[in-house]
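The values are calculated or read from the model by the stated rules, or taken from the named source; none is laboratory data. Everything quoted here is computed from the prediction, not taken from an experiment. Cβ: placed from backbone, ideal geometry, glycine included. Neighbour counts: every protein chain shown.
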Amino acid sequence: MKTRTLGKTGFEVSEIGLGCWQLGNDFGPVEDKEAMSILQTAVAEGIQFFDTADVYGGGLSEERIGQWRKTLTKPPIIATKVGRHSELYPSGYSKSAVKKSLQASAQRLGVESIDLAQLHCVPREVLFAGDLLAWMEDLQKEGVIKHFGASVEMLDEAMFCCSHPELASLQILFNVFRQDATESLLPLAENNDVGIIVRLPLASGLLSGKMERDRIFSEHDHRSYNKDGDAFHVGETFNGIPFNTGVALVDELKEKLPKGQDILDVSLRWILDQPQVSSIIAGASRSSQVVRNAAASSLPPLDKDLHALLSEYYREKVKKHIRGGI
């Protein structure tokens, strides 16, 4: 597993991290034993960066990570998020409330100071007001958090956050089916020493290449209840692309790939070929998926012809189907 520096934090993080939303049982039940196995497998595969949030399972994901962390002699870098808890979202933001929420996360994680705290897709008007970023800077100085970043849904939100002088990282939607950040955001992030953390690298599983149109998801899985943006931003599920359309687009792309190229490998490697990316946080509900995702770090870069094919396919075939803006 190769590592990269995460922006201003100076942390050396694994190119493939572990997204821990599923450890909150928000995609369906994950037993404690399986949750521990997923975390242990990640470390065994060289994964050193874990991303969670206070609202994943109402704190369950953080609690599980905190319990597991106690068993380690050398804990990895653990990032969490703040801003979507019902005491804050959508209009209860104050510095004291944010601090209280972060302190609760630290307690669940079993740490005195959080490695990286990220604003969690807060309302646009709240984000652009700027107070939240100023409060995060103050809480960093107080030692509640070591570093802060932002997880956002839209490119203009990312560009706004990237201009803050102390912002260490940005977590964005970025994948083969959502490429626009390459033109505007990534160069700015590199110039401002902001690490890029990629979430939904496989577009909610579409780019695994294993989805079929008749796939039925658990009622607890956001791919069921948010497929049309009924619960939160539509872009967080299947990249904002209608499911059946997404499956058809993936099937067509698979036929265009050079012989022997697997779409999951290509999708993860394409992201890693962007030098501004610090880590991909790929979710996994089984240990075998952790192993599969981690292998992308050892793959060779894609050649320029394949990069050109993927760029053209996105522009000509995919982009027009994305709902919710980019």
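Just a few scattered comments:
- Evaluation of Ala181 against the conditions (1) in contact (Cβ under 8 Å) with a residue 60 or more places away in the chain; (2) farther than 26 Å from Glu112 by Cα; (3) over 14 Å from the mean Cα position of the chain (by Cα); (4) surrounded by 24 or more Cβ atoms within 10 Å (Cβ to Cβ) shows that the sole unmet condition is (1).
- Of the criteria (1) in contact with a Ser or Thr (Cβ under 6 Å, 6 or more places away or on another chain); (2) within 16 Å of Gly205 (Cβ to Cβ); (3) not hydroxyl-bearing (Ser, Thr, Tyr), which one His321 fails: (2)
- In the stretch 297-326, the residues that are surrounded by 12 or more Cβ atoms within 10 Å (Cβ to Cβ) reach residues that are part of a helix (DSSP H, G or I) and β-branched (Val, Ile, Thr) with C-beta atoms within less than 6 angstrom, at least six apart or across chains, in these pairs: His321/Thr245; Arg323/Val234; Gly324/Val234.
- Among the residues making up the stretch 1-28, those that are free of Cβ contacts under 8 Å to residues at least 60 places away in the same chain, surrounded by fewer than 23 Cβ atoms within 10 Å (Cβ to Cβ) and either over 16 Å from Lys74 (Cα atoms) or hydrophobic (A, V, I, L, M, F, W, C) (or both) are Thr3, Gly10, Gly24.
- Scanning the stretch 193-211 turns up no residue that is small (Gly, Ala, Ser), part of a helix (DSSP H, G or I), under 15 Å from the mean Cα position of the chain (by Cα) and buried (at least 24 other Cβ atoms within 10 Å of the Cβ).
- Annotation note: of Arg84, Arg64, the sole residue that is out of contact with any strand residue (DSSP E or B) (no Cβ under 8 Å at 6 or more places or on another chain), crowded, with 18+ Cβ neighbours inside 10 Å and within 30 Å of Ser218 (Cα to Cα) is Arg64.
- Matching residues in the stretch 231-286 - criterion: being in contact with a His (Cβ under 9 Å, 6 or more places away or on another chain), closer than 30 Å to Asp32 by Cα and in contact (Cβ under 8 Å) with a residue 12 or more places away in the chain: Phe232, Glu236, Thr237, Asn239
- Residue in the stretch 254-266 that is assigned to a loop (DSSP other than H, G, I, E, B), within 22 Å of the chain's Cα centre (by Cα) and crowded, with 17+ Cβ neighbours inside 10 Å present: no
- Restricting attention to the stretch 120-154, the residues that are within 17 Å of Ile77 (Cα to Cα) and touching a helix residue (DSSP H, G or I) at 6+ places or on another chain (Cβ under 6 Å) total 5.
- Top-ranked residue of the stretch 231-253 - restricted to ones that are of a type in the set (Val, Ile, Thr) and not in a helix (DSSP H, G or I), ranked as farthest from Asn293 (Cα to Cα): Ile241
- Of all the residues in the stretch 174-194, those that are touching a Lys or Arg at 6+ places or on another chain (Cβ under 7 Å) and basic (Lys, Arg) number 0.
- Test: Glu190 is surrounded by fewer than 15 Cβ atoms within 10 Å (Cβ to Cβ), at pLDDT 95 or above and assigned to a helix (DSSP H, G or I): no
- Each residue in the stretch 267-315 was checked for being assigned to a helix (DSSP H, G or I) and of a type in the set (A, V, I, L, M, F, W, C), and 13 of them qualify.
- Yes/no for Phe177 being at pLDDT 95 or above and under 23 Å from Leu310 (Cα atoms): yes
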